[in-house]
Every structure is written in structure tokens, then in C-alpha cells.
Amino acid sequence: MKVTAAKTAGFCFGVKRAVDTVYEQIRQPDGGPIYTYGPIIHNEEVVADLEKKGVKVLESAGGAQEGTVVIRSHGVGRQVCRELKERGLRVVDATCPFVKKIHRIVREESEKGRLIVIIGNAEHPEVEGIRGWCAGPSYVVESREEAEAFAAPEGAELCIVSQTTFNYNKFQVLVEIILKKSYNSIVVNTICSATHERQAEARQLASKVDVMLVIGGKHSSNTQKLCEICRKECSNTYYIQTVHDLRKEWLEGKRSVGITAGASTPNHIIEEVQRNVRIKF
């Protein structure tokens with residue numbers, strides 16, 4: 001059986017930076033309690049390992065009395081940062097630089113009076129954080145139906161940005177629908193280049209194999225999008241979290257397997273899946 005792993009699979013720059021930041025804080029002597037604001041990444045194994053080392057997950061600024069809080073790569077809104085510092089907590093900001101760029105764009109453009117439209121998932125922490133940097137109204141559009149129903153006040157000027165992990169092709173479709181409404185709009189494609197490359201490689205690989213395995217945490221938005229993209233090219237696409245989710249019947253009689261993984265998937269999990277497929281199947 002031929003097994004091909006995508007070169008872009010696994011930790012992206014921003015996620016690796018955030019995870020490394022937490023482990024660096026653990027190694028600091030007498031640093032006091034360490035928290036992450038929300039799970040540092042959407043990967044249960046990594047979060048569990050950090051818990052074993054004493055790192056706790058905060059769900060709100062009021063959840064800690066002292067110590068260090070690491071802001072995850074998704075970022076947070078301006079008010080959250082303010083509240084953490086007002087409580088006397090030490091804040092270590094591991095927000096992905098690509099997300100930071102979006103914070104700056106929406107802050108500056110909303111201060112100029114533009115309404116912010118974010119192409120993404122309204123419930124995703126990255127999008128919640130982006131909205132937290134808008135000085136005025138913001139809207140979130142995720143589907144064609146929402147784009148077609150979108151309406152801003154007459155004479156409104158828009159600034160359209162994207163969640164960094166959004167599907168690039170879908171972003172283009174939704175932007176086109178909004179632009180047809182003839183608002184005075186500027187569009188900034190803020191999809192991370194690593195995300196675009198990962199999606200493009202996954203699409204190409206899935207079109208050439210009999211089975212496609214997509215590895216990632218069950219709450220990982222970018223992994224879910226990868227799976228969606230792969231399924232359009234390969235009907236035998238399966239979403240797994242670890243090697244334990246593999247099923248023998250998926251691979252019986254198949255000659256080629258492709259493997260990709262979301263940005264929150266550690267390399268050792270990808271390697272373990274790849275090794276098991278080669279040895280056992």
C-alpha cells in the first residue's frame with residue numbers, strides 16, 4: 001500500500017509558537033500558577049499533557065487571582081486583555097501574528113467609521129477575539145445564505161476580512177455575493193498563507209488516493225474544513241483524532257492512502273498514524 005503524508009500537515013507557525021510559549025513558562029522558576037485563556041490549541045492530547053504539568057484553562061478573566069496567563073494563538077478581544085491586567089495577572093501574549101494583523105486592521109478601519117464584516121464562524125474564539133477589537137458594529141458571515149441575506153444600513157462603508165483558517169474558495173464566493181450589493185467596500189484577504197497551502201495540498205492529494213485520513217482534534221475548525229475539502233475529492237475520507245480511531249475496513253482492498261492534519265495536530269500523532277497504516281495494513 002502506498003502511503004503519502006502531506007508536507008504541510010501538522011503544527012502551523014502560530015500554533016507551534018503558542019504551545020512552545022506555554023512550555024517555556026512551565027520551565028520558569030517560581031513563576032506561580034500558569035493558565036491559558038481557553039485551551040491553548042484544539043487538541044485534547046496536548047491540553048491533557050499541559051494539565052499534568054499544572055497548567056489550568058481559564059474560561060473568563062475572573063477565573064484566576066494570581067499568576068501568568070498565556071493568550072492562545074486565536075487571540076482575545078481588547079476588553080479581555082484589559083481585565084486580565086487590571087486583576088494584576090501577568091499576561092504573555094502568544095496570539096498568532098497573522099491574527100494580530102487582523103486585530104489591527106479591524107481596529108483602524110472601524111475607527112474610520114467602516115462596518116466590519118468577518119467571513120468565518122461566529123462561535124470560533126478567533127472570530128470572537130477579532131470582534132473584540134472593533135470600535136463599532138461588526139457582522140459575521142459563514143454561509144452563502146447568510147451572505148445573500150446580509151444587509152447594512154444605507155450608505156454604509158464596509159471592511160471585509162476573514163478568519164485565518166477559512167476555506168479560501170468559499171471566502172471568494174461569499175465576498176463576491178456581498179460585493180454585488182454595491183456597498184463601498186474594501187476587502188482584505190486575511191486567510192493565513194499556511195492555511196491556503198495546506199488546503200490546496202490536501203485537495204490535490206485527496207484527488208489521487210483511494211482513502212484520505214484527516215487528523216485533528218474534534219473541536220478544530222481548520223481540521224473540519226480540511227475534511228470538507230478532501231471529501232469533495234475522495235468519498236473515502238475519514239476524520240480521526242489519533243491512531244486508535246483507525247478502522248481496518250476503511251483500508252481493506254485499497255492501494256493508496258493520503259494523510260493530512262490540522263494546524264493543531266502534533267507531529268508525533270501524524271507519524272504514529274502513518275507508521276501504523278504502513279505496518280498493519
With the full set of protein chains in place, find how many percent of the accessible area of the stretch 55-135 is carbon and sulfur; take the probe as 1.4 Å. 42
Per 10 angstrom bin, beginning at 0 and ending with the bin that holds the maximum distance, the Cα pairs of the stretch 172-281 fall in percents of 14, 41, 26, 12, 6, 1
Identify all lysines with a Cα-Cα distance to Lys181 below 24 Å; exclude those on the same chain that are fewer than 8 residues away in sequence. Lys112, Lys170
Between the stretch 39-59 and the stretch 214-266, how many Å separate their Cα centres? 23
Ranked by GNM mean-square fluctuation in the chain (Cα springs under 10 Å), the top entry among Lys56, Lys208, Lys225 is Lys208
Which value, in Å² rounded to 10, gives the accessible area of Lys2 with a 1.4 Å probe and all protein chains present? 130
What the Cα atoms of the stretch 138-216 span along the principal axes, largest first and in whole Å, is 51, 22, 20
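Eight or more residues apart or on different chains, and alpha-carbon atoms under 22 Å: count the Lys pairs in the stretch 11-110 matching that.
Working: Lys16/Lys52; Lys16/Lys53; Lys16/Lys56; Lys16/Lys100; Lys16/Lys101; Lys56/Lys85; Lys85/Lys100; Lys85/Lys101.
So the count of such lysine pairs works out to 8.
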Leaving out ligands and nucleic acids, note down the accessible area per residue over the chain with a 1.4 angstrom probe, in whole Å². 48
Using a Gaussian network model of the chain with C-alpha springs under 10 Å, which one of Glu249, Glu126, Glu146 is most mobile by mean-square fluctuation? Glu249
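The values are calculated or read from the model by the stated rules, or taken from the named source; none is laboratory data. Just so we're clear, the structure is a prediction, and the values are computed from it rather than from any experiment. Note: areas computed on protein heavy atoms with side chains; ligands, DNA, RNA excluded. Shrake-Rupley method; radii C 1.70, N 1.55, O 1.52, S 1.80 Å.
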